[in-house]
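These notes are about the structure you will find just below.
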Amino acid sequence: MAAKIYIDKLNLDQEQKSQIQHIYTTEDIQDHTFFADNESQQISTAALLAANQLDFDACESLASRWSIK
């Protein structure tokens with residue numbers, strides 16, 4: 001299900017672009033599918049997002065790079 005996305009429109013620095021290109025060239029793409037009606041998968045999903053600082057609280061934080069952009 002994972003697909004290569006176009007990165008030319010993203011606001012990335014050179015290091016970020018290099019890291020994304022490395023992921024594409026090594027095919028080190030992680031693909032996860034979770035279902036809304038499966039409580040254990042939802043817990044796993046929340047943990048995965050939090051581990052990667054992509055959970056709601058981290059994204060809403062004023063110090064977050066996601067809220068700054």
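Read-outs throughout are calculated quantities, based only on the coordinates presented, and are distinct from any laboratory measurement. Computed from a predicted model, the values in this text were never measured in an experiment. Neighbour counts run over all protein chains shown; Cβ positions are idealised from the backbone, glycine included.
A few points about this structure:
- Cut-off 19 Å (backbone N to label point 7 Å along Cα→Cβ of Phe56), residues of region 19-47: 34-47
- Spin-label model distance (nm) - Asp28 vs Ile7, 7 Å beyond Cα toward Cβ: 1.2
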